[in-house]
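We did not get these values from a lab; they are worked out from the coordinates using the rules stated. The model shown is predicted, which means the values in this text are computed figures rather than measured ones. For neighbour counting, all protein chains shown are included, and Cβ atoms are generated from backbone atoms with ideal geometry for every residue, glycine included.
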Amino acid sequence: MAGPSDEDARQAFLRGIKAGVPFGVVGFFLSASFGVLARQAGFSVAQAIVTAMIVFAGSAQFAALSVITVGGGIPAALTAGSLMNARFLAMGIALAPSLPGGPMKRAVQGQAVVDSSWALASRGDGTFDRWLLFGTTVPQYVTWALGSVVGAIFGDALGDTHRLGLDAIYPVFFLSLLITELRDSSSRWVAVCGGLVALALVPISPPGVPILAASAVTLVGLVRRSR
Amino acid sequence: MTLTHAEVWVLIVCLAAMTVLIKALGPVLLGGRQLPPWFSRVIVLMAPALLTALVVTSVFASGRSWSVGAHTVGVGVAAVMLWRRCSLVLCVVVAVLVTAGLRAI
């Protein structure tokens, strides 16, 4: 690698870390609420913490947990978690051309994708700033791990998380990312249509599928000529 | 929960493996390749579609039915604040306080 591009990478990485901090703060509380709920469901302290540290995907963790909390088995919980994660497949495909190196190196780089880092690293022209993405993920991983430790250990003292309104954190987190994405009228229309598709499918499909199906509306990008 | 301690570990490890696999698949299959312009047009629209779906399903649905609750109001207030460019952390705090407040009365 040449000197100037190293410097650019370093700058992007540092900007990413800075941009990731507010999401990390919110992630801390999200992960803490996961720790509390996991303990209430019957996870040991170690299990709650290890889940956050090696799965590191909020929606999949919450989806799998909610399935087993209501008495579901491992296959159902895995399916729910994987369906929630299916959006990372779409994000990975989008990111792929921006990642250099061999397949193994790209696979490792792909692990850094979380919703906020992916959205912030998007340059808006179909390419991604990978160092910004890596940087944005770092503070979020640290606080995600810390949050689960606090939630798992001190969760009993908190009591009912529903009463505390912690379920309002997750949507606001995604909403803040969404607002930065509504750049032009086509992205606004796709957002509205994607939301409607997801809501329409809620009663007739397993959790996770409505979200994946919403990504299908992006196929209008095929027919709509950019002007 | 009906799972044993050991079964929970199996679930955790499988869920982690599945997540790694899903995140690796796109970069492994499509990396380092120049993709056609129509592809970028679709990709640019992916984020608004997925993010809106995540927001509406967590705010207007619970499991497999439509439902609204105190958190819908809390998130709604935060949405207005986000639009007015308030900081994310402040918006989250307000959303939680409004939701908890409504549930307390």
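Find the relative contact order for chain B and round it to a whole percent, using C-alpha pairs within less than 8 Å whose residues are 6+ positions apart.
Taking the mean separation of contacting Cα pairs over the length of chain B, I get 17 percent.
Treating only the Cβ atoms of Lys and Arg (+1) and Asp and Glu (-1) as charged, compute the dipole magnitude of chain B about its Cα centre; round to the nearest 20 debye. Don't skip to the answer; put the middle values down first.
Working: 7 positive and 1 negative charges, 69 e Å.
Magnitude of the dipole: close to 340 debye.
How high is the relative contact order of chain A, in percent, counting Cα pairs under 8 Å that sit 6 or more residues apart? Walk me through the numbers on the way to the answer.
Details: 278 pairs, mean separation 73.0, N = 227.
For chain A, the relative contact order is 32 percent.
Just in segment A:37-133: which chymotrypsin sites (Phe, Trp or Tyr not before Pro) are loop by DSSP and have at most 12 other Cβ atoms within 10 Å? Spell out each step's value before the answer.
Details: sites: A:PHE43, A:PHE56, A:PHE62, A:PHE88, A:TRP118, A:PHE128, A:TRP131; in loops: A:PHE43, A:PHE56.
Sites meeting the loop and neighbour criteria: none at all.
Could you work out which residue, out of B:THR72, B:THR57, B:THR19, moves most in a Gaussian network model of chain B, that is, has the largest mean-square fluctuation with Cα springs under 10 Å?
In this elastic network of chain B, the residue with the biggest mean-square fluctuation among B:THR72, B:THR57, B:THR19 is B:THR19.
Enter the angle in degrees (range 0 to 90, nearest 10) between the Cα long axis of helix A:58-69 and the first principal axis of the Cα atoms of chain A, meaning the one along which they spread out most.
30 degrees
Quick one: B:CYS91, A:CYS193, B:CYS86, fewest Cβ neighbours within 10 Å first, how do they rank? Please list the in-between numbers first.
Details: B:CYS91 26, A:CYS193 19, B:CYS86 14.
So the ranking, lowest neighbour count to highest, is B:CYS86, A:CYS193, B:CYS91.
Which whole number gives the average count of other chain Cβ atoms within 10 Å of the Cβ atoms across peptide A:42-51? Walk me through the numbers on the way to the answer.
Details: counts 6, 7, 3, 0, 2, 5, 2, 0, 5, 7.
Partner Cβ neighbours, averaged per residue: 4.
Once both labels are modelled 7 Å past Cα along the beta-carbon direction, what's the A:ALA200-A:SER185 spacing in nm?
The modelled label-to-label distance comes out at 2.2 nm.
For segment A:99-227, just say rounded, prolate or oblate: build the C-alpha gyration tensor, square-root its eigenvalues into a ≥ b ≥ c, call rounded for a/c under 1.5, and beyond that prolate if a/b exceeds b/c, oblate if not.
On the way: a/c = 2.11, a/b = 1.25, b/c = 1.69.
Oblate shape, in that a/c is at least 1.5 and b/c is the bigger or equal ratio.
Rounded to the nearest Å, what's the spacing between the alpha carbon centres of segment B:47-105 and segment A:1-79? Just the number, please.
20 Å
What whole-number distance in Å separates the alpha-carbon centres of segment B:8-39 and segment A:103-147?
Distance between centres, Cα-based: 13 Å.
DSSP loop trypsin sites (Lys or Arg not before Pro) in chain B with at most 14 other Cβ atoms within 10 Å of their Cβ, which ones?
For trypsin sites (Lys or Arg not before Pro) across chain B that sit outside H, G, I, E and B with at most 14 neighbouring Cβ atoms in 10 Å, the list reads B:ARG33, B:ARG64, B:ARG84, B:ARG85.
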